[in-house]
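Report on the structure given below.
The values are calculated or read from the model by the stated rules, or taken from the named source; none is laboratory data. Everything quoted here is computed from the prediction, not taken from an experiment. With ideal geometry, Cβ positions are generated from the backbone for all residues, glycine too; neighbour counts draw on all protein chains shown. When the accessible area is computed, the model is the full protein with side chains, heavy atoms only, and any ligands, DNA or RNA have been set aside. Shrake-Rupley method; radii C 1.70, N 1.55, O 1.52, S 1.80 Å.
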Amino acid sequence: MAANNRRMSGKKGAQVGSGGQRRKGLEGRGPTPPAEMRKGHKKNRIANAKAKQAVRRPAPRGRGGKSASELVVGRNPVFEALREGVPASTLYVQQFIDNDERVREALQLAAERGNINLMEAPRPELDRMTNGLNHQGLVLQVPPYEYAHPEDLTAAAHDEGEEPLIVALDGVTDPRNLGAVVRSVCAFGGHGVVVPERRSAGMTAGAWKTSAGTAARTPVARATNLTRALEAYKKAGITVVGLAADGEAELGELQALAGPVVIVVGSEGKGLSRLVGETCDVRVRIPMPGGAESLNAGVAAGIVLYEAARRRA
């Protein structure tokens, strides 16, 4: 009977402690992620739906056309693109990503923008999107750039009551040079940049970064045929000036910079193409006492734009 009483007794003996597990469960797990990143949240479902539609929907073509969308891949490139204000539509974040400082900063910048969709995706999906590149769990989608038409640049100048000051690029294939030219055009009061549709740099994320934000204020037009675009400018009364190391005129002697002008800059290695060079009203050289053979497009355009702005002041 005593044994049965012992078995039925509710008295508890010594118990093993939790080892601090309960206390750890109460510790914080960092800042709450944005609603768009919380699985199951209404904003997360909306953001995912918008992102899928943006990928599937064909981009409408404007007068100057649109470029293809672009992906910026990797933690540092994505962070730098967001910091420099590169336009973006969607930030793809790998599921169960190691949440280091660079990832947190990228998410914060995207959230501060307010117009960037945040979308979680499994690693295999990001591998497929980037063709196996080392994306490190972050992929930023840059929307297609909407190019202006060459005529839009002269129309904008006339609307402002100013003589057109435009730069055209012939055979410049480095997006950083395009970004540098855009920055110089903005700095010296120009009205835009014209690039040919083929064999030319476009407004990629690299060009946006080099422009240091000025691409948002300076239009870039795309011409199906650069020679025909220059001929149209000439018919509109605009002087077309080509930069060439063997130009017949020197920059300091060029009076045309005070009036409506298009400055044509060629590639650093080949210079102006034959047809474009023949279309120019005058070819001008930049004096270089130091003996350098050539300047890159960004530097050359900046020098001529400064001279034009000085004469117009």
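Observations on the model:
- ALA245 vs. criteria outside any helix (DSSP H, G or I), open to solvent by 20 Å² or more (accessible area, probe 1.4 Å), closer than 16 Å to ILE286 by Cβ and among the aliphatic types (A, V, I, L, M): yes
- Flag if VAL78 is part of a helix (DSSP H, G or I) and touching a residue at least 60 places away in the same chain (Cβ under 8 Å): yes
- The listed residue being outside any loop (DSSP other than H, G, I, E, B), crowded, with 16+ Cβ neighbours inside 10 Å and either in contact with a Pro (Cβ under 8 Å, 6 or more places away or on another chain) or at pLDDT 95 or above (or both), out of ALA215, ALA221, ALA232: ALA221
- Only a single item in (1) assigned to a helix (DSSP H, G or I); (2) open to solvent by less than 10 Å² (accessible area, probe 1.4 Å) is not met by ARG183, and it is number (2).
- Which numbered condition GLY269 fails, given (1) touching a helix residue (DSSP H, G or I) at 6+ places or on another chain (Cβ under 7 Å); (2) in a loop (DSSP other than H, G, I, E, B); (3) open to solvent by 50 Å² or more (accessible area, probe 1.4 Å): (1)
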